[in-house]
Amino acid sequence: MSNAEHPPYLWHNHRLVRWEDATAHLTDHWWASVGAVFEGIRGYWNGTDGETYVFRLDAHLERLAGSMRLVRMDNSFPPEMVQEAVCGLIRANAHAGDVYVMPLAYSTGGRSFGSVGERVTNMFITSRPTTSSLGEAHSLRAGFSSWRRIDESSMPPRVKAVANYRNSQLAASEAVLAGHDSALMLNAQGKVTEGPGSCVFFVRGGTLFTPDLSSGILESITRDSVLRIARELLGLRVEERTVDRTEAYLADEAFYCGTAAEITPIAAIDHHELRGGVLGTVTQQLRDAYHGLVRGTDPRFPEWRTPVGLAGQQLRAAQSANRVPW
Ligand code: PMP
């Protein structure tokens, strides 16, 4: 969907606003974008239920509040209110289909980097139809970037701060220019971290492993979901630990995971073709399980799915149009 084609509404500072009317003053942009923090959230359509389920909304809102706290942003947006704003926006835009939702918090009014108390926190939320690729045969060829992943000593990799994404953009564009589809990044110690916008898992000898949270990665909600599915539903052997670059090359299987990336198989790393081929068996098992859970065709982990209320809305619309007999 281009900017010319857009949903009717977005949410800005406590209210639904028509897309065309959502403006900010040009000068607000100055340093607001440097300090901004955001979330990327997905909703999945379940045709049988006539409902869109937002995946792990509470975890996303908790991370958003944590990102705001870390960058010392005042937060006058309680999670319950943002939760209703997200669901209300999906209903207002009548997204009866898969959707991507992005809340972004930014501060305006500060005169210097250090002016904490003078700033006012603003938040907007956008939603766009975004089809899932979980059912598709789709894999990526990855390459290690020469850019190292940002490090705790200078930037906060575990939160979703807009400023962190310069690092992602440098790595991703370098990988694409070098002929890969996407990047992987090492940390300052030369250990594997993550992709520009997703975490990474490997499978070798039947064991699933992924860089631990102290390797310099985002506290990813999909990563946490994959770990729980692997341990609790599939009974796989799982390790969270430091990962060497050569382990990536010797892996049988690898995949990126993230809200946008979902579970995307990696077919090759730096032109080392992975032995499991484009979609290894463990990756496939995890992907199928993940797909059932996000869409609600698998009823387990019901607490992971927030219904937005489209089902009720459609029923009410049908009732008020007198199209149902009761
Ligand atoms: N790492 C980075 C740098 C990301 O931007 C993302 C996407 N949010 C992820 C990992 C995956 O995080 P999540 O599963 O919470 O979307």
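The table for this structure:
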quantity: Residue within segment 246-253 that is at pLDDT below 95 and surrounded by fewer than 22 Cβ atoms within 10 Å (Cβ to Cβ) present; calculated: no
quantity: Any hit, segment 284-300, residues being within 14 Å of the ligand (Cβ to nearest atom), under 22 Å from LEU186 (Cβ atoms), at pLDDT 95 or above and within 22 Å of the chain's Cα centre (by Cα); calculated: no
quantity: Filter pass, TRP31 being more than 21 Å from SER132 (Cα to Cα) and within 22 Å of the chain's Cα centre (by Cα); calculated: no
quantity: Residue match in segment 70-93 (condition: away from the ligand (no atom under 13 Å from the Cβ), more than 19 Å from ARG128 (Cα to Cα) and polar (S, T, N, Q)); calculated: yes
quantity: Residues located in segment 144-183, provided they are among the acidic types (Asp, Glu) and touching a residue at least 60 places away in the same chain (Cβ under 8 Å); calculated: ASP151, GLU152
quantity: Test: residue in segment 129-143 that is among the hydrophobic types (A, V, I, L, M, F, W, C), within 13 Å of the ligand (Cβ to nearest atom) and touching a strand residue (DSSP E or B) at 6+ places or on another chain (Cβ under 7 Å); calculated: no
quantity: Top-ranked residue in segment 195-234 [being small (Gly, Ala, Ser) and within 11 Å of the ligand (Cβ to nearest atom); ranked as nearest to ASP151 (Cα to Cα)]; calculated: GLY216
quantity: Members of segment 177-234 that are under 24 Å from TRP304 (Cα atoms), of a type in the set (A, V, I, L, M, F, W, C) and in contact with a helix residue (DSSP H, G or I) (Cβ under 7 Å, 6 or more places away or on another chain); calculated: CYS199, PHE201, LEU208, ILE221, VAL226, ILE229, ALA230, LEU233, LEU234
quantity: Leading residue by the ranking (farthest from ALA289 (Cα to Cα)) among those in segment 235-272 that are within 16 Å of the ligand (Cβ to nearest atom) and part of a loop (DSSP other than H, G, I, E, B); calculated: VAL243
quantity: Residues that are closer than 15 Å to GLN189 by Cβ, among the small types (Gly, Ala, Ser) and touching a helix residue (DSSP H, G or I) at 6+ places or on another chain (Cβ under 8 Å), drawn from segment 137-171; calculated: none
quantity: Criterion: in the same structural domain as GLY66 (by TED's automatic domain parsing), surrounded by 13 or more Cβ atoms within 10 Å (Cβ to Cβ), closer than 30 Å to HIS180 by Cβ and away from the ligand (no atom under 14 Å from the Cβ) - qualifying residue of THR126, THR108; calculated: THR126
quantity: Candidates ILE150, ILE125 - the one that is of a type in the set (A, V, I, L, M) and in a loop (DSSP other than H, G, I, E, B); calculated: ILE150
quantity: Filtered residues of segment 154-194 (kept if more than 12 Å from the ligand (Cβ to nearest atom) and under 17 Å from ASP212 (Cβ atoms)); calculated: LEU186, ASN187, ALA188, GLN189, GLY190, LYS191, VAL192
quantity: Test for ARG141: is it basic (Lys, Arg), more than 30 Å from LEU26 (Cβ to Cβ) and either without any contact (Cβ under 8 Å) to a residue 40 or more places away in the chain or in contact with a Leu (Cβ under 8 Å, 6 or more places away or on another chain) (or both); calculated: no
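For every residue, the table says whether it meets (1) among the charged types (D, E, K, R); (2) under 18 Å from the mean Cα position of the chain (by Cα); (3) crowded, with 18+ Cβ neighbours inside 10 Å; (4) at positive phi.
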position: GLY143; (1), (2), (3), (4): no, no, yes, no
position: ASN167; (1), (2), (3), (4): no, yes, yes, no
position: ALA172; (1), (2), (3), (4): no, yes, yes, no
position: GLN189; (1), (2), (3), (4): no, no, no, no
position: THR193; (1), (2), (3), (4): no, yes, yes, no
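The values are calculated or read from the model by the stated rules, or taken from the named source; none is laboratory data. None of the values given here were measured: they were computed from a predicted structure. A quick note on method: Cβ atoms are made from the backbone with ideal geometry, for glycine too, and the neighbour counts reach across all protein chains shown.
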